[in-house]
Structures are given as C-alpha cells and as structure tokens.
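The values are calculated or read from the model by the stated rules, or taken from the named source; none is laboratory data. The structure displayed is predicted, hence computed values, not measured ones. Note: ideal-geometry Cβ built from the backbone for every residue, glycine included; neighbour counts use all protein chains shown. For the accessible areas, the whole protein counts, side chains as well, though only heavy atoms, and no ligand, DNA or RNA atoms are used. Shrake-Rupley method; radii C 1.70, N 1.55, O 1.52, S 1.80 Å.
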Amino acid sequence: QVQFVESGGGLVQPGGSLRLSCAASGFIFTYYGLGWYRQAPGKEREKVADIDRRGNTNYADSVKGRFTISRDNAKNTVYLQMNSLMPDDTATYYCNGLAATTFNWGQGTQVTVSS
C-alpha cells in the first residue's frame, strides 16, 4: 500500500525558511518522479515543484528561485527547501507522483507564513 508521510511544516514569519520532508513507502521509489503540491483554503491544489528519476527539477513560477526540491533514494524521501517564504505560501503541502493522480494523497503538512 502506497503511503506518504509529510512533515516539517509549521508557523514561520515572512522571509523565513522551512524544510519539508515526505517519506514514501509501498512502491519502488527510484522508478518514479515525485512532486510537491499545495492547497490553500478555497483554492485548487497546485503543483509547486517536481523531480524526475534522474534528478531533473521543475518549479512553478511562483516559487522559482525560492524553493528547492531534492530526493534521497536511499531514504525513500523527497524534500522541499523553502526560503524567503511569503504569506501567499500558506497552504497544506503534499507529495505525490509527477501527476497528481499517480497515488493517493497523504495527510499533508501545514505551512503558515504570518507575522
């Protein structure tokens, strides 16, 4: 059974940083590209970053230059380093495959950017 456990969220002031982690299980991690998604209250879920099997990355324009996605295949974990956080980054963050429909969603981790 595929499972994602996201962690690392919290309350941070504008301009601050957080590092999110997503521990994956139930599938062959190295076979799949992975993505970080977020959903703010009243908004559609959107992909903010992804990383393919070879480590090539893509970012949404809204986070480019501020967020960095990475993966550790030995730990079956994907990370999202978030710097220069802004109030508009407030959302619940999730991981999944390159397509949002690849796997079922985990619980997510809440990120709140506020002074």
Requested in this report: Pull up the cross-link candidates among the aspartates and glutamates for LYS47, meaning alpha carbon to alpha carbon under 17 Å and not fewer than 8 places away within one chain.
Outcome: GLU6, ASP61, ASP88, ASP89
Query raised in the report: Taking a point 7 angstrom from the Cα of PHE27 along the C-beta vector, which residues in segment 85-101 have backbone N less than 13 Å away?
Result: 95-101
Report task. Classify segment 1-58 as rounded, prolate or oblate from the Cα gyration tensor: take a ≥ b ≥ c as the square roots of its eigenvalues, call it rounded if a/c is under 1.5, otherwise prolate when a/b beats b/c and oblate if not. Result -> prolate
Query raised in the report: In whole Å, what is the distance between the alpha-carbon centres of segment 68-104 and segment 5-51?
Result: 2
**Report entry** Built amide H within the under 5 Å cut-off of PHE67, gap 5+
**Finding:** ASN83
Report task. Find the accessible area per residue for segment 30-115; the probe is 1.4 Å, ligands and nucleic acids are left out, and the unit is Å². Result -> 54
Query raised in the report: Leaving out ligands, DNA and RNA, what percent of the accessible area of the chain is carbon and sulfur, probe 1.4 Å?
Result: 44
**Report entry** Amide H contacts of GLY16 (H built 1.01 Å from N, under 5 Å, at least 5 apart or other chain)
**Finding:** LEU85
